[in-house]
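A short reminder: the numbers here are calculations on the coordinates, not readings from a lab. Small disclaimer: the values here were computed from a predicted structure and weren't measured. Neighbour counts are summed over all protein chains in view; Cβ atoms, including those assigned to glycine, are modelled from backbone coordinates with ideal geometry.
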């Protein structure tokens with residue numbers, strides 16, 4: 001009987017879950033033999049107000065210590081999904097080694113930013129987070145529950161009715177920016193309906209409800225709990241986004257329709273949301289374009305339409321190392337066209353850019369792919385630095401959560417970062433510089449001896465799995481703090497250790513589009529702030545002093 005129950009559970013997970021992010025509510029937790037505190041979250045943590053007040057209090061403290069100048073006309077948030085601190089160290093080493101150096105001394109583009117901080121990534125109900133509760137934190141400014149998006153912690157996962165309660169629904173930083181007349185864009189290498197980008201526009205009790213069939217399979221009516229793709233196309237703020245670039249065509253097309261690459265859609269309501277997006281823009285005489293390959297993207301690069309929707313794969317975009325370069329754009333190219341489009345608004349813009357497949361490669365114990373995807377994110381950040389002036393654009397680069405990748409052993413300087421460690425285990429068997437504490441890379445031991453992974457037939461290929469300790473179908477996230485890098489107006493506000501939910505409040509503070517903008521000194525126009533830079537102010541004061549003494 002127990003075996004039958006376990007088989008049913010497995011089938012449910014496969015049918016309705018995200019293999020990279022299992023639904024914890026449906027898993028058995030082995031509590032026996034473990035210690036656990038009896039502490040529970042504070043009641044106030046279930047409200048949005050608690051997290052707003054916590055962020056504003058922190059802002060006031062920072063403001064008292066540092067008073068910056070100027071306003072961030074543009075704000076770009078770059079998110080490396082699963083980009084842990086060890087991932088950064090290993091990726092910069094790979095970058096340097098690709099350039100013919102030992103590697104350790106190399107630097108990713110954003111590692112040159114003047115301010116670095118750390119954010120705490122836990123959910124209200126989970127010690128180790130997923131990409132949904134973290135997206136709600138860094139895009140909506142409120143911590144909530146694992147697996148939920150754009151709603152407070154008063155919404156348990158799967159609770160449709162609770163997610164529809166107006167008191168539990170949140171507005172994202174994208175909505176805040178829209179209210180101030182800024183343009184919005186989202187760019188990702190995952191499905192555009194995946195948890196991270198969806199945090200900018202969706203409100204749902206389950207991150208997996210990406211199309212209407214997922215909602216129906218959970219026993220709910222999509223009319224009551226609209227799927228994430230529908231929310232992007234038909235509700236604010238999503239339908240006002242000027243740029244939408246990523247993957248996930250399958251969630252926008254009927255399950256009877258094949259896309260441009262002959263892949264079937266997944267929608268059971270037989271609605272074509274791509275056509276509905278096009279019709280909405282055309283009926284309002286707004287220039288628009290739907291694109292699905294790199295050639296089309298490059299044709300629009302110099303002069304993008306007012307609204308641009310690009311869905312480049314049925315599912316996630318391909319890993320960069322495996323991508324068809326004639327059809328698949330790079331993250332840097334996606335970022336560039338987004339900036340060229342949004343920068344036409346004199347009031348500025350907010351842009352969210354995600355390197356989402358770092359996370360997927362880690363889940364599969366593919367270190368080479370994970371590090372390469374991190375380098376691709378660095379290239380996208382570098383392109384933004386080339387296109388936009390530092391004095392009016394705030395760039396923030398961070399991660400949503402960590403992974404359990406270890407950068408270990410005692411290899412000599414310059415050793416192949418994807419290769420073996422500089423030492424052997426107690427049985428004289430090699431181990432790798434990069435390994436994982438859990439995941440599908442775990443190998444069975446023979447009489448207590450680890451297998452030599454250097455003997456694997458595909459050793460050295462991008463999809464070779466390094467070894468792991470605990471055998472799992474998918475490697476787990478880590479609970480580490482993640483780094484936050486900032487450059488541009490008020491970058492100093494991102495220093496220190498703080499709750500992840502402070503990040504959107506800090507970005508909006510710099511751009512003067514948060515709820516308390518009228519109280520911030522730098523948001524009030526006056527002669528001192530119109531000088532534009534401390535250097536100009538010093539020069540002007542010197543000129544005044546000279547005039548007074550002649």
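The distance linking region 468-511 with region 201-250 is 25 Å (Cα centroid to Cα centroid, whole angstrom). In region 228-295, the C-alpha radius of gyration followed by the widest Cα-Cα span (Dmax) gives 12.0, 31 angstrom. For region 335-478, calculate the relative contact order in percent as a whole number, restricting contacts to Cα pairs under 8 Å that are 6 or more residues apart. Relative contact order, region 335-478: 26 percent. Measuring from centroid to centroid over Cα atoms, what is the spacing of region 78-123 and region 411-443 in Å? Cα centres, region 78-123 to region 411-443: 20 Å.
Kirkwood hydrodynamic radius of region 363-507, from the reciprocal of the average inverse Cα-Cα distance over all distinct pairs: 17.8 Å.
Based only on Cα atoms, what Rg/Rh ratio does region 331-439 have, Rh being taken as Kirkwood's radius? Walk me through the intermediate numbers first.
Values: Rg = 18.7 Å, Rh = 16.5 Å.
We get a ratio of 1.13 for region 331-439.
What's the exposure ranking of 172, 341, going from fewest to most Cβ atoms within 10 Å?
Values: 172 29, 341 24.
If I rank by nearby Cβ atoms, fewest first, I get 341, 172.
Computed from the C-beta positions of residue 449 and residue 104 and an R0 of 45 Å, the FRET efficiency is 0.90 to the nearest 0.05.
Taking all Cα pairs closer than 8 Å and separated by 6 or more residues, the relative contact order of the chain comes to 23 percent.
I need the per residue convex hull volume for region 410-490, using only the alpha carbons, in cubic angstrom as a whole number. Mind showing how you got there, number by number?
Numbers: hull volume 13.6 nm³, N = 81.
Expressed per residue, the convex hull around the Cα atoms of region 410-490 is 168 Å³.
Neighbour counts of other C-beta atoms within 10 Å: give me 466, 134 arranged from fewest to most. Can you show the working numbers first?
Numbers: 466 23, 134 30.
By the 10 Å Cβ count, ascending, the order reads 466, 134.
Counting every other Cβ atom within 10 Å of each residue's Cβ, 101, 428, 249 order from fewest to most as 428, 101, 249. Only helices enter this figure: runs of n ≥ 4 DSSP H residues, each worth -39500 (n - 2.57), summed and divided by the residues of the chain, yield -9000 deg cm²/dmol at 222 nm to the nearest 500. Simple spin-label estimate for residue 116 and residue 516 gives 2.9 nm between the two label positions (7 Å along the Cα-to-Cβ direction from each Cα).
Using the Cα atoms of region 276-379 to build a convex hull, what is its mean projected area in square nanometres?
Hull-based average projected area comes out at 7.6 nm².
For region 433-532, the Kirkwood estimate of the hydrodynamic radius, built from every pair of different alpha carbons, is 18.4 Å.
Cα gyration tensor of region 121-182, axes a ≥ b ≥ c as square roots of the eigenvalues: rounded (a/c below 1.5), prolate (a/b > b/c) or oblate? Present the calculation step by step, with values, prior to reporting the outcome.
Details: a/c = 2.88, a/b = 1.38, b/c = 2.08.
Oblate, since a/c reaches 1.5 and b/c is not below a/b.
Shape class of region 54-112 from the alpha-carbon gyration tensor: prolate, with a/c at 1.5 or above and a/b greater than b/c. The alpha carbons of the chain occupy a box of 92, 58, 55 Å along the principal axes, longest dimension given first. Taking every DSSP beta bridge that has both ends in the chain, the antiparallel portion is near 35%. Taken over region 111-234, the ratio of Cα radius of gyration to 2.2 N^0.38 Å equals 1.06. Structural descriptor for region 427-522: relative contact order 25 percent, calculated from alpha carbon pairs under 8 angstrom and at least 6 residues apart.
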